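S.K.: Please find one structure pasted underneath; my questions will follow.
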Amino acid sequence: MALALAGCGSPSSKSNSAGGGSDSQKITTAQNAIDANAKGPAKDVPGAKKGGTITVTAQTTPNTFDPTDVYYVDSNEIGKLLFRTPTQFDIREGHPTLVPDLTDVGTPSADKLTWTFKMQQGIKYEDGSPVKVEDLAYAIKRSFAHDVFVNGPTYQQQFFKDGDTYKGPYKGGLNYSGVETQGPDTLIVHLARPFNDLPFYMTFPMFTPIPQAKDTKLDYKNHPLATGPYMFQAYQPGTSLNLVKNPNWDPNTDPARHQYADAFHFKWGGDAVKLQQAALNSAGPDATTINYDELDASLIPQITGDKKNQLVTGQSSCTIVVQLDSRKIPLEVRKAIATAWPYDSDFKTAGKNDYVAERASTILPPSVPGYQKYPPLPGLSGTGNGDPAKAKQMLQAAGKLGYKLSWFFDNTTPLTQQIAQGRVQALKAAGFDPKPIGVSTAELRTKTSDYKAPVNMGQSPAGWCSYWPSGGSWFPVLFQTHSIEDGQSWGQLSDKALDEEINNINNLPTEQSQPKWAALDQKLMGMYIVIPRYYDKLAVIQGTGLGATTGDPTMGMPNFLNMYVNS
Amino acid sequence: MLWYILRRVASAISVVIVALVASFALFFVAPTDPAGVICGPRCNPQRLADIKASLSLDQPPIQQLGLYMKGLVVGRDYTNGGVVRHCAAPCMGYSFTLGQPVTTLLWQALPVTVSIVLGGAIIYFTVGVFSGTIAARYRATPLDRFTVGTSLLVNSIPYFVVALLVALYATFLPQSGYHPFFENPLAWASGLLAAWLTLGLTNAASYTRYSRASMIEALGQDYVRTARSKGISERRVVYRHGVRAALTPVVTILGLDIAFQLTNALFTESIFGLPGLGVLSLRAFAQYDLPVLLGTVLVGSVVLVSMNLAVDIVYTFLDPRVRLG
């Protein structure tokens, strides 16, 4: 049922590609990179050939291609073929490097409340009309029409000047103080508070230019104007999308994209396992097909010999956890929970394997700058099956033997029932009194998002994926006091000193903030507010007729921009 | 006669309305979470509330039902944040997850399902009637026993097992997929061939038995004996006189079967990756996409009720002995 592809991260070595060779490769640590001087054309992919049609399949359908409304990783990644944005990520050796795209990477003012972006000239839409800086400004204004485009991200509402009151061009008119243009090439963004990660945020599709005269509002999603290497040819919502080359895309202006294939043919629906098997068999047109559903465990025995070259691996930006409510569970008990946690059996019962997930021991996944592989804290290594005897001793020492633990779980599927049972057994053996509460799939979301519910662990979010590769899209969101009211808190922390510490780090330039995020990561893990389960990885299957495909770690998806037909 | 038809039409419409209301009620009685599905894993209460409001899920269910019914008859306007969309009648609303008009999604899916079912029907009707006729003509011979035995064997294997086996292992067949007929008739046919053969040959077993029984009865009629006694060849007796009479009940079953299969092509569509009405409704069910669910219920109930009505009306013309009262 997932509209939400919660990102897969996959580890990969230097090649970070299909044919990465052996089994599950460890995630490599990302380096933060901004290449402000990058220019088009993008560096050629070794061995890439032009021509052919790439077929892309998946079971789940992207919900929209309106750039203002794009939120999930599938439409985001496909959007990179269509939409150029002020800045973009160039994936180099498996790591994301921020590069100029339509504009430079931006220049902040001294007080960091004004950012100036210079736009390239001569960029055209698919219909040959010129892209104007006013179109960039209009797209930003359009993103404030959040009651029309409910899915899109909302950081602009928090950080942009008057972002909390402006309602977009349809209701609020075109006068908006948060964005202005000067001359034919200057875009100025005014902020309500410093936002050092703004250039990273500007990679989102909602910042792609839209001419006001061609804004068909809720129909725009059926044929958005392309500025990227591909454009819409035919679209059947929910079923298929054909993209063909955009004749008005100039590679010399684009440092992040290629236009190798003649066309992309997206097909959605159908059973994921069957689609993966078809790609693995590579008969006929399946040879030039890639399926981006998560690799099914049943196919792993087939991935041997030459078939290993059909496995596309890559990084993702998600960490999956079980959180512990610090308001309700004392620290000593939280430590005992971690000591007792059955990481290995939990991982296996959940159907995970080393291709699609890597055991976690930190908050930030390794693909996000700011990650540091410090020695795991006791009980938080993400591995092993727990030490019930030791956990019991810890409870006894704290005078908390028989401590009640409760969480909500989905009692309608065998998988989630088994996971719950495994945890109950392990926690009981450690001297806890676990009382999980079974609810239906439909009720689970409501129950787990209620921080006043009568449970003390397992509330949502049960994981987090970066909006952009920076600690700035993690710690301020999940660990400040406002996070509880926002319904996006890990551990339900409410500590003014911690709030200030996070704000201070977030206000630093990117290169200064990274080591501080790493230190903060370790400090927060030391509070034992989350049980780290795993980092998502990318592991998908492609046909034998495609070239070595790399992963996009910012989305946990195959990097369509570098794909080519090899046969 | 006219009065009879009008009464039946009114009854059919009321059945469709009851089906819609029941589906609507079930959606709100059962635990569903359409806004949550759209909100995704990084959901927060504000975003969830925004999504609910955009889908009008914050309105009372009765009001939502009333607006839906109004839309079917006279159309309705949807207003979000200063943007007004007019949805002309019969307005079935917009998909919660895709934001597309439900009528568009149904129009996309309907040709796929119709293509699957009609193609399969041609095969199972032709093969079934032919083999049933042969079996009846050579009744009590080894050929008859073989035909009956084979049909029984085929009937005893669950349909989805056969379909899965074909989909996974019959790689000599063209790859299944839907291509619009008017774009490329050859691709349309080759993409549906696997589904047609599976649907056709598994259902042919039933039609073999229907046809055989009906043929045996027809060949025992007085007019057939008369034809034989007049010296007409056995071949002509069977295929010109016997088959025509035997076909009437079989065609009746065919009509009802087609209606049933149009609303139950889910297995075939899922297994062969064909984006028809069945897959559309399954996805809508999984994602709590109420407008699409109601749209598929509406289409399905209209098809079933219409086919039943058509068969009843045609029967009154075929057999005047059928009472109309």
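The values are calculated or read from the model by the stated rules, or taken from the named source; none is laboratory data. A quick note: this is a predicted structure, and the numbers were derived from the prediction, not measured. Neighbour counts are summed over all protein chains in view; Cβ atoms, including those assigned to glycine, are modelled from backbone coordinates with ideal geometry.
S.K.: Based on this model, can you work out whether B:SER95 counts as within 24 Å of the chain's Cα centre (by Cα) and either surrounded by fewer than 20 Cβ atoms within 10 Å (Cβ to Cβ) or away from chain A (no Cβ under 14 Å) (or both)?
M.R.: The answer is no for B:SER95.
S.K.: So, one more: What's the number of the condition A:THR412 fails, among (1) within 13 Å of another protein chain (Cβ to nearest Cβ); (2) under 25 Å from the mean Cα position of the chain (by Cα)?
M.R.: Every condition holds for A:THR412 apart from (2).
S.K.: Please state which one of B:THR268, B:THR248, B:THR263 is under 30 Å from B:CYS87 (Cβ atoms) and in contact (Cβ under 8 Å) with a residue 40 or more places away in the chain.
M.R.: B:THR263
S.K.: Which condition from (1) among the polar types (S, T, N, Q); (2) buried (at least 16 other Cβ atoms within 10 Å of the Cβ); (3) within 13 Å of another protein chain (Cβ to nearest Cβ) is the one that B:GLN64 breaks?
M.R.: The one condition B:GLN64 does not meet is (3).
S.K.: Do we find a residue being touching an Asp or Glu at 6+ places or on another chain (Cβ under 7 Å), surrounded by fewer than 19 Cβ atoms within 10 Å (Cβ to Cβ) and modelled with pLDDT under 95 anywhere in region B:72-84?
M.R.: Within region B:72-84, one or more residues are touching an Asp or Glu at 6+ places or on another chain (Cβ under 7 Å), surrounded by fewer than 19 Cβ atoms within 10 Å (Cβ to Cβ) and modelled with pLDDT under 95.
S.K.: Six or more apart or on different chains, Cβ under 6 Å: which pairs go from a residue in region B:35-60 that's at the interface with chain A (Cβ under 7 Å from one of its Cβ atoms) to one that's surrounded by fewer than 18 Cβ atoms within 10 Å (Cβ to Cβ)? Could you list them?
M.R.: Listed pairs, sorted by first residue: B:ASN44/A:ASP486.
S.K.: Right, something else. Name the pairs: first residue in region A:82-98 and part of a loop (DSSP other than H, G, I, E, B), second residue modelled with pLDDT of 95 or more and among the polar types (S, T, N, Q), Cβ to Cβ under 6 Å, at least 6 apart or on different chains?
M.R.: A:PHE83/A:THR208; A:ARG84/A:THR227; A:THR85/A:THR203; A:THR85/A:THR208; A:PRO86/A:THR103
S.K.: Restricting the search to region A:205-227, which residues are within 14 Å of A:GLY79 (Cβ to Cβ) and either over 17 Å from the mean Cα position of the chain (by Cα) or within 14 Å of chain B (Cβ to nearest Cβ) (or both)?
M.R.: Answer for region A:205-227, where residues must be within 14 Å of A:GLY79 (Cβ to Cβ) and either over 17 Å from the mean Cα position of the chain (by Cα) or within 14 Å of chain B (Cβ to nearest Cβ) (or both): A:PHE207, A:THR208, A:PRO209, A:ILE210, A:TYR220, A:LYS221, A:HIS223, A:PRO224, A:LEU225, A:ALA226, A:THR227.
S.K.: Quick check: is even one residue across region A:95-115 in contact with a Phe, Trp or Tyr (Cβ under 9 Å, 6 or more places away or on another chain), of a type in the set (S, T, N, Q) and buried (at least 22 other Cβ atoms within 10 Å of the Cβ)?
M.R.: yes
Every residue, every condition in (1) facing chain B (nearest Cβ under 10 Å); (2) closer than 23 Å to A:TYR535 by Cα; (3) in contact (Cβ under 8 Å) with a residue 12 or more places away in the chain, yes or no:
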residue	(1), (2), (3)
A:VAL424	no, no, yes
A:MET457	no, yes, yes
A:GLN492	no, yes, yes
A:ALA497	no, no, no
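S.K.: Looking at region A:153-270, what strands (runs of 3 or more DSSP E) fall wholly within it and have at least 3 residues that are of a type outside the set (Val, Ile, Thr)?
M.R.: A:230-236, A:240-245, A:263-268
S.K.: Within region A:333-351, is there a residue that is closer than 29 Å to A:GLU511 by Cβ and either assigned to a loop (DSSP other than H, G, I, E, B) or touching a residue at least 40 places away in the same chain (Cβ under 8 Å) (or both)?
M.R.: No - not one qualifying residue is present in region A:333-351.
S.K.: Additional query: Criterion first (surrounded by fewer than 21 Cβ atoms within 10 Å (Cβ to Cβ), farther than 23 Å from B:PRO45 by Cβ, in contact with a helix residue (DSSP H, G or I) (Cβ under 9 Å, 6 or more places away or on another chain) and among the aliphatic types (A, V, I, L, M)) does A:MET527 satisfy it?
M.R.: yes
S.K.: Could you look through region B:1-34, keep only residues that are touching a helix residue (DSSP H, G or I) at 6+ places or on another chain (Cβ under 6 Å) and facing another protein chain (nearest Cβ under 9 Å), and pick out the one that is surrounded by the most Cβ atoms within 10 Å (Cβ to Cβ)?
M.R.: The residue in question is B:THR32.
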